[in-house]
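Notes for the one structure printed next.
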Amino acid sequence: MQNTLAFEFEHRPSPRRRTSAIEIAQGRVLVRTPMQVSIAHLQPWLKEREAWVLAHLTKQQSSIDAHRIEMSQGASIPINGDPYELYWRFSESSSLIWHPKEIEVFLPHHLYHNPQARVRRMLQAELKQKAAHQFQLALMQLSAQTGLKPKKLEVKSYRRRWGQCSSDKIITLNWRLIHARPDVQRYVMIHELCHLQEMNHSVRFWSWVARFCPNHRELSAELRDKSSWLQW
Ligand SMILES: [Zn+2]
């Protein structure tokens, strides 16, 4: 059937759903419905909500643009919530140096005409290592404070999530969380630690989270706003 709406959407029917809902994340529209709802039934329902969806998409796009991480001279790279200016220069060998408010990358001369891919690779490797070290310490502290003990921590690269907790008690954090402020990082770690108690997002789960992180709603909303950090 022809999509007559002013936006694209993905339809995801589920046997567990009783009502339909629209989710907008990372500039994409996802429509979750009960099994029996067809696209033909969905079209007029979405048509009524078209203005609302478009307003959200526009708002989300402007926050995606505002927080996009770009490889350009003088670009702002948030690290633990603090902005660092990125610069690169050409030299005999490659290296990366941290200054108080600046990250300086040295590149070999032959990359003069196409430096971005190498800068990206070097910066990502550096941040991944920094995140692994820092998150290990932070998670150990939070584990001691909460009494929730994971089997181990892994730091990985994800495009759609900040963290994960597996049923065998392994917590995985996205290294890109290094961009967030420490209180936002702490919320994600608390969230994953609480999955050791409840492997779901039930009321009981959220009451565990609230026990250690009363302002979790605010912090997770902030992270949703920074979804473009997942995209570089
Ligand atoms: Zn969760």
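The values are calculated or read from the model by the stated rules, or taken from the named source; none is laboratory data. What you are looking at is a predicted structure, and each value in this text was computed from that prediction instead of being measured. So basically every Cβ, Gly included, is an ideal-geometry build from the backbone, and we count neighbours across all protein chains shown.
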Query - Search result, residues across the range 53-66 that are at pLDDT 90 or above and in contact with a strand residue (DSSP E or B) (Cβ under 8 Å, 6 or more places away or on another chain) - result: Val53, His56, Leu57
Query raised in the report: Taking the range 70-122 as the region of interest, how many residues are over 18 Å from Trp232 (Cβ atoms) and β-branched (Val, Ile, Thr)?
Result: 1
Report task. Determine, yes or no, whether Ala144 is away from the ligand (no atom under 16 Å from the Cβ), hydrophobic (A, V, I, L, M, F, W, C), in a helix (DSSP H, G or I) and free of Cβ contacts under 8 Å to residues at least 12 places away in the same chain. Result -> yes
Report task. Report yes if some residue within the range 172-186 is within 21 Å of Ala125 (Cα to Cα), at pLDDT 95 or above and in contact with a Cys (Cβ under 7 Å, 6 or more places away or on another chain); otherwise report no. Result -> no
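Residues are listed down the side, and each one gets a yes or a no for (1) in contact with a Leu (Cβ under 8 Å, 6 or more places away or on another chain); (2) exposed (fewer than 10 other Cβ atoms within 10 Å of the Cβ); (3) not assigned by TED's automatic domain parsing to the domain that holds Ala221:
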| site | (1), (2), (3) |
| --- | --- |
| Arg16 | no, yes, yes |
| Val29 | yes, no, yes |
| Ala40 | no, yes, yes |
| Glu50 | yes, no, yes |
| Asn80 | no, no, no |
| Tyr84 | no, no, no |
| His99 | no, no, no |
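Table: residues versus (1) within 14 Å of the ligand (Cβ to nearest atom); (2) more than 16 Å from the chain's Cα centre (by Cα).
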position: Gln134; (1), (2): no, yes
position: Leu137; (1), (2): no, yes
position: Ser167; (1), (2): yes, yes
position: Ala180; (1), (2): no, no
position: Asp183; (1), (2): no, no
position: Gln197; (1), (2): yes, yes
position: Val203; (1), (2): yes, yes
position: Asp225; (1), (2): no, no
Query raised in the report: Are any of the residues in the range 91-99 modelled with pLDDT of 95 or more, of a type in the set (Ser, Thr, Tyr), within 16 Å of the ligand (Cβ to nearest atom) and under 23 Å from Ile77 (Cβ atoms)?
Result: no
